[in-house]
Structures are given as C-alpha cells and as structure tokens.
1. Once the other residues with Cβ under 13 Å from the Cβ of A:Ile228 are scored (Lys, Arg +1; Asp, Glu -1), what is the net sum?
2. Quick one: with all protein chains in place, what share of the accessible area of chain B is carbon or sulfur, to the nearest percent (1.4 Å probe)?
3. With charges set only on the Cβ (+1 for Lys and Arg, -1 for Asp and Glu), what does the dipole of chain B come to about its Cα centre, in debye to the nearest 20?
4. Assuming a ≥ b ≥ c are the square roots of the Cα gyration tensor eigenvalues, decide whether chain B counts as rounded (a/c under 1.5), prolate (otherwise, with a/b larger than b/c) or oblate.
5. Please work out the average accessible area per residue across the range A:122-237, using the 1.4 Å probe convention, and give it in Å².
6. List the accessible area buried at the contact between A and B, summed over both sides and calculated with a 1.4 Å probe, in Å² to the nearest 100.
7. Determine the dipole magnitude for the range A:320-428: charges of +1 sit on the beta-carbon of Lys and Arg, -1 on that of Asp and Glu, nothing else is charged, the reference point is the Cα centre, and the result goes in debye to the nearest 20.
8. Distance from a point 7 Å along Cα→Cβ of B:Lys45 to each backbone N in the range B:77-120: keep the residues under 11 Å and list them by number.
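The values are calculated or read from the model by the stated rules, or taken from the named source; none is laboratory data. Just so it is clear, the model here is predicted, and its values are computed rather than measured. For neighbour counting, all protein chains shown are included, and Cβ atoms are generated from backbone atoms with ideal geometry for every residue, glycine included. Ligands, DNA and RNA are excluded from the accessible area calculation, which covers all protein heavy atoms including side chains. Shrake-Rupley method; radii C 1.70, N 1.55, O 1.52, S 1.80 Å.
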Amino acid sequence: MQQHIVIIGNGISGITCARNIRKLSDHRITVISAETKHFFSRTALMYVYMGHMRFEDIKPYEDGFWEKNRIELMHQHVIGVDPIAKTVLLANSSRLTFDKLVIASGSVSARFDWPGQNLKGVQSLYSFQDLELMNENTKDIKQAVIVGGGLIGIEMAEMLHSRQIGVTMLVREKKFWDTVLPTQEASMIGDHIREYKIDLRQEEELLEINGDENGKVKSVTTKNGEEIACQFVGLTVGVKPNIAFLRESGIETDKGVLVNEFLQTNVQDVFAIGDCAQFKTLLKGRKAIEQVWYTGRMQAETLANTLCKQPVTYNPGNWFNSAKFFDIEYQTYGIVLNKALENEEVFYWKHNSNKRSLRIVFMNDTKVVTGFNVFGMRLRHEICDKWLNEKSTVDQVIANLQEAVFDPEFYKSYYKEIAHAYHSKLITT
Amino acid sequence: MDNTNPSLSISNPHPEHTDWMQKSGLVLVLSGLSVLFLAFIGIAKQAPLILFVLSFGMLLSGSVIYTIRTYLTVHEGVKNNHNFSRSLTSRGVLAWMLGILITLFYIIIYWYPQLLQNVISIMNPFSNLLRGRPADRWFLYGSLYTTAVLAMGFKALLKYRYSNYQRIRTSSVIFFQLAFSFLIPGLLQLFNQPEFYFSYFWPLKYDYLFPSTVHSLINHPGGMGVFMVFWGAAITFIATPILTYFFGKRWYCSWVCGCGGLANTAGDPFRQLSDKSIKAWKIERWSVYSVLVFIIITTILLWINSITNGSIFGELSQNFAKAYGFFIGAIFSGVIGVGFYPIMGTRVWCRFGCPMAAILGIQQKFFSRFRITTNGGQCISCGNCSTYCEMGIDVRSYAQKGQNIVRASCVGCGICATVCPRGVLKLENGSVQNRVSNQPILIGNNSVRLNEQL
Ligand SMILES: Cc1cc2nc3c(=O)[nH]c(=O)nc-3n(C[C@H](O)[C@H](O)[C@H](O)COP(=O)(O)OP(=O)(O)OC[C@H]3O[C@@H](n4cnc5c(N)ncnc54)[C@H](O)[C@@H]3O)c2cc1C
Ligand code: SF4
Ligand code: SF4
C-alpha cells in the first residue's frame, strides 16, 4: 500500500533516505527543508567561499533529478510535529499529514553564552545562510579570530586565509585537536597551521567579545587577559542536534532525538537519522551521536530498508573518517584514540618532512590491529577494512602494506621505509 | 521560494595581491605581445630578428618570472582559490575578451593569412635556421603554439608540483610538442624530407591516411617517406590498440597529443568551465561519433576514388574531404576548440569532436585495463572532481556510490585525483575483470546490502 513518507531535512541523511526509499518502493516521498530547496554538500561549503566552485557545483544531483524520481521537495520551515494526529506544522501555518516521519534535521552550531556573542561580525559556520553571512561579514576586513580548533575551525581558517585575512585561533587544548589526535599528529598539524601564518594560540580561551559603538565586533579578550583586535569572530566550538522544534511533540529527546537500534523514536511511525539522532543504547565502539557525513548516509540506507522492506538494525562496520588540514590529508580506519589504552600498543612512523605519518594501533597481547591514522598519504579503505575484519596482526599488515597504498601513480611509496622502521624498532626494544 | 541565488552569491571582494615581481612578469608578457602587435601593423620591418627575439623572449621570460613568483612562494597543494571569483577564469568580461581575441586570431590564420604577412616575416630568421626556408603562417602558428605550451606548461609544472603524476605527464606533453610537433618537423624540412609529425595519427591527423598524402610520401625520394607511411599506419592500427589496452586512452590524449598538450597547459586555468550536465553528455556522444563516421567515410571514399581513378565518385570524395577539412579541421578543432577555451573550457574539441578520442574511447570503455578506482566510503560528495574534470564527466556521481569510473571520454589527465580533498580517486591499470564494479553498497555499512542504481 502506498504510504506518504515525510522527511524533515534535505541533508545527506534525509536525501539518502529518500533516494533509497524510491529505489525500494513506490511510496510518496516529501522532503522538507528550510535551508535550500535542493540538496547540497555541506562539506563543500568552504570551497564555494574560496572560489573553487560555485554553489551549483556543490549540488550532487541536477535539479531535474528530484522530479524525475518523484521526490517532492518543499522549501519550508517545520515548527512542530504532532505524532498523534500524524501531521507536521509548517511555518506558513499549513499542515502536512504523514504515514511515516523521518527526522533528519541535522545540527546547529553550539554556543557558550559568551558576552558579546551576538555582535555583528560574530558567527558560526554550518548552513548555507552562514556562508552568505560570512561572505558579508568578512568583506574588507583585515583580522579575524577563530574560537575552537575542530574540523570546522580549521576549515574556517583556511577560508579566511584564502582571502588574505589574518587569523588568530584560540584553542583550549594543549595541542590542536588533541581531544581526537595523539600528541605527535596534533603537533604536526599545529606546525603546518603555523606555516600558513595562522597565529595558533593553544591553551587559550575566549573570555568575551568586545564591540564598538555600532554594535560591531572590534576585539576579543582572552582568559589570559590579552585583547586581540579583530573585525570578525568565528565560533567553531562544535555542533549539537537541531531539535528545538520537537520540544512539545512528545517525541523523546535528550541531546538528540532518542532512537533504538532500528532508528525508531518512542513513537511508532517516527524515525530519526543523521546528526540529530542519539542512540539510547550505545552500539559497540560507537558514540551515541555520530556527526559525520558517512554515518548519516549509512543510517539512511538502513532506515530505507526498514521502511520499505523488513526492519533492519543499524549495524555500522569499522569506523572510518577523513579530513584535510590545509594541505595535509588525513584518513583514519578503525579506532585510534588520542591516548592508547592499557592493552594497546602503537607503531608510529613519521616522515622527516613533518607532513606524512602513519600510526598503527594493535593489541599488546595478540598483536591484532585495531586502528590506523594516516597523514599525507592515502590508504585503501577496502584493504584496511579487510585487515580489521580479519583481525590481521601488525606483522601481517606491515608485510602487506603495499596492498593498501592508494597514492596516485608515480608517487613515492613509503611502505618499505615504514617496514624498515617497524623492524628496527622491534630490534631496539 | 528558492532564496538561494546560486552562482552569484559568493564573490570575493579581496583581490589577490600581485607584488612587483609578478607585475614585472606580466608586463614582460604584455610587452612581448605588444611587439608582436607592432610587427603586425608593420613597424620595424627591417629588423625581423630583433623583433622576433624581443617578442618571444619577453613572452617566455615574463611568464617564467610570473610563474616562479606566484607558485614557488606558496606551499605545495591544490591551487584553485578564486577561480570562480576571477573574471578571466569564470566567464567574466576578461574571459570573453580573450576568447574573442583567440577566435579572431584563428579566423585570420585560416582565412585571411595575408593580414599576417608582417608577423610571418619576423619569423624568417628563425625559420631559415630551423627549416632552411622562409616562414609561412603555419610556422608562425606552430611557434606561438609551442611557446604557449612551454610557458603555460612551466606554470602547470609548478602549480601541480605536489603531484608526481602531473609533473611527469606535463613534462611529457611539453616534450612531445617541442620535439615531435615542432623541432623534428622543422629539421626534416631542413634535410629536404617531407614535413611530418610523428606524434599525430589518423584519424586526428586525417590526411595521413588519405591517398594523396600516402602517394606523395611514398614517392618522396629516399626511404623516409615510406617509413613515415609505415609509422603512421603502424601506430594507428597496431600500437594504438595495444597501448590503449594497457593504459587507457591517456597514453595519447594526456601524454602525447599536442591538442591535449595545449589544453592541459595553456588551457589549464579554464578546465573548470566544461559542461557537466547529462545533456552535454548526450550531445557529446552524438557529435563525437558523427565526426568519427564522417572521417571514416571520407577516407574510404577517397581510397575507392583513388583506386578506381575517380570513375565511381568523381568529385564527390574530394568534396567530402574539403568539407571535413573546413568544418571539422578548421572550425571545430581550431576556432571553437581553442578560441572558446575561456568560455567552454579546454577540451571542447577533444570531447565533442576528436575522432581519435572517439576510437580510443570506445576501446577504453570496452577493452582496456584502465579505470579510476574510488576509495571505499570516503567520498564526501564535495564536487571538486567533477568541477575540475575537463571532459565534463560527473566523477562525483560515481565516487559517491563507490563505483569505478570507466568512461569513454576520460582522458586520464588525473586532475580529479589531484584535487580530491579526501584521497578518494586513483587512476589505475589492472585486471579487466570486475573493472566496471557495481558495488552493492559503500564500505562501512553492515546493516544492509543494497543495489545502488539510482
Ligand atoms: C563546514 C562543515 C564541514 C564539514 N565537513 C565534514 C567532513 O569533511 N566530513 C564529514 O564526515 N562531515 C563533515 N561535516 C559534518 C557533516 O556535514 C554532517 O555530519 C552532515 O551534513 C549531517 O547531515 P544531516 O543530513 O544529518 O544533517 P544536515 O546536513 O544538517 O541537514 C539537515 C537539514 O534539515 C534542515 N532542517 C532542520 N530543521 C528543520 C526544520 N525544523 N524545518 C525545516 N528544515 C529543517 C536543515 O536546515 C538542514 O538543511 C561538516 C560540517 C560542516 C558544517
Ligand atoms: S575523469 Fe579525471 S582523469 Fe578522467 S578526464 Fe576527468 S579529471 Fe581527467
Ligand atoms: S571523489 Fe573526492 S573530489 Fe570527488 S566528490 Fe568525492 S570527495 Fe569530492
């Protein structure tokens, strides 16, 4: 029987869900989003600012795709959900009835109630509107301060740098992003950031933002008491689920929308996926809220099956992720913590350029490999995933490293050097 | 209510800083062009050598200075900042002006060469030295073309210096242009041999298998002409399929061919302008295979005519050849192919017109070890690969599904892999089996096994 499936949010999660539902069924699909009419790649916003691409280039599908695949798009704001009447309430006061509802509303930028955070020239970066605002806010300015050193913070630094704007980064941690990266890698990235003349201040926090008489930012004061003049402040201290509109709906929430392993909320026909979903019970080795591109996609694929065929539990494979810090690419497979656990051992190799490194984490008793961190080189996902699944030992991995090299042709390969380093280390210890 | 105004919403109000050294480089390049213009209007005719040295010297040295200053002062890495906020590289006023200029130049050189008499004459000393004969318009054209490949090739070398693939490949196209398409044909003439381009083959250099060319080469005194006919035919019919089987069409289109060479050097700043739409892909398939059919029919007609001494087709086959030369050889590959670089992107000819690319492409699609592999689930659908694909391939549409890219039109330039911020793409030669992967699902999700088709 044909049902009406309504999806709130046209990000990677909502759109992947819609596409897969269409593949598997004939249901009526409506995707609602207040941000932009068409799906775009949030991860590519920075490239639009830097002039690598236009906005239309970061839309992964042509505009005609949606009609062709009978996916109805609604450029509207949802202000409430009534799960009992099975309707969503739109900002224009109209209501839309659903049989099944998928909440894929993503995140909003986190804020910490800093004095002055509402001054003109102070902003975060998440949405398309943020990008437009940033373009406006950074016209003809000379100096910017970025608060917070995560992945969005460094992207913002690169964006500003591309327009010759001076950047100071205030990072609470001892080393850049060392809540995730082990010290060596964090130092390497910190050094690289400084090569770009970014003034990276570690162990430094924002106290307040100061404005001028027109309500525009003119400086920030740090906890160490220093005042830094600037005309722009980027607040990049993380994101949190975008669920304010669900407050009175009766749908259970905590930090995010609470879901079980079927991605189902406490209400039978209401589901949540992507950045906004929070797992009630932790899946092994995963976080309760997974705020990355791939996981939104995978949850959406899973849910589409549940909605159209039989119920399927979310069962992600090995963790992986990637990023880029200015010119240094980063890939990770499996779990690499910033500090190795008691029962873990680490092999770390760094190239003398200070731009390439490989970390392999393994169990100290069985030598089974549990994670890879690689910088400035590319490893083959398929092979790393296979090694992790097959519980390969570190010796096996080192011996076959060549198989996993994914660098372009003619690139210098380092696997021999790495194997050499591995074996000489064994001898010395 | 789509309040998002695409393309125009983001503009860069911070013009890039150009320092004194970059400016002097640019001034030198402009001076070089001005000297050519002075020659064009007939000033200082008496001193051709001086004009020649001044103009080409300033063009080359100016661009070298500019390039070194622009790229060696910054870190290695992707250099695409501001491409879409700069007039010249985003179809702005400057782009149109440049496009019109190049187009005019092509129109003049094909149909009004007498206008170029003065400029051609400054090439005489160099032409006499290299070829032992005075310059003509094609010598002028070849010199400018080679200069563009040299100067902009040097720029590409520095711009992409972080990629060994790009370094080696760019060196290769520069070498083939300079040696095989310029110096060797010149020297052949110096030694009274037929002018021959060892790096061009039928059907791109369509007349190399026309009976008239074959006859005149074979009848050329000495063995050289026979060797040339043999060389051309051997490459077209034997080496091409073998090399394409092992390496894909890139061995030619991105490593040897002069058209590809110009596109990947002088045209590099414009590669993002290629049309990625599905519609453009449809037009491409129609047009490129039509040109291929056209040249095959023309060649066959000419041979039948030659064998039967014109008794069957009379003038018909000659008219076919003339039409092909005019519409395809001159208008398509020259005027549109290069003149429209700043508007339609760099490989318009290679993509929509070149019959050589068409043949290599068919083979690449069905019988080759070449493919671009994607790295599991790492793609973030950012679109850099598609945007910078000069052949207008929507690389992202494959990458985000984890599918290998096996496309007839891919010239294997490798730029998609070079600009991808997540290390997702790799050009590879490997087993023909499973080359066209239709992976059920991206790596990482063990929940379901779907069939990605949509
Ligand atoms: C600058 C930046 C760079 C990033 N880079 C990476 C990266 O490199 N790799 C990576 O893995 N992840 C990256 N991320 C994170 C990644 O983009 C997110 O995890 C992902 O986009 C989440 O997708 P989603 O579909 O769950 O939510 P979203 O993409 O946030 O989509 C939700 C949509 O729903 C809309 N919406 C929400 N509420 C309502 C409502 N009430 N009514 C109507 N519409 C509503 C929102 O406007 C939004 O359009 C990045 C994020 C940012 C901001
Ligand atoms: S797909 Fe990649 S290698 Fe092929 S033509 Fe496009 S950019 Fe070049
Ligand atoms: S393959 Fe790379 S460049 Fe292309 S969309 Fe994916 S992440 Fe972006």
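1. Around A:Ile228, the surrounding residues sum to -2.
2. Here carbon and sulfur together make up 70 percent of the probe-accessible area.
3. Dipole magnitude for chain B comes out near 820 debye.
4. Working: a/c = 1.89, a/b = 1.18, b/c = 1.60.
It comes out oblate by the Cα gyration axes.
5. I get 39 Å² per residue for the range A:122-237.
6. 6400
7. Numbers: 14 positive and 14 negative charges, 65 e Å.
Computed about the Cα centre, the dipole is about 320 debye.
8. B:117-119
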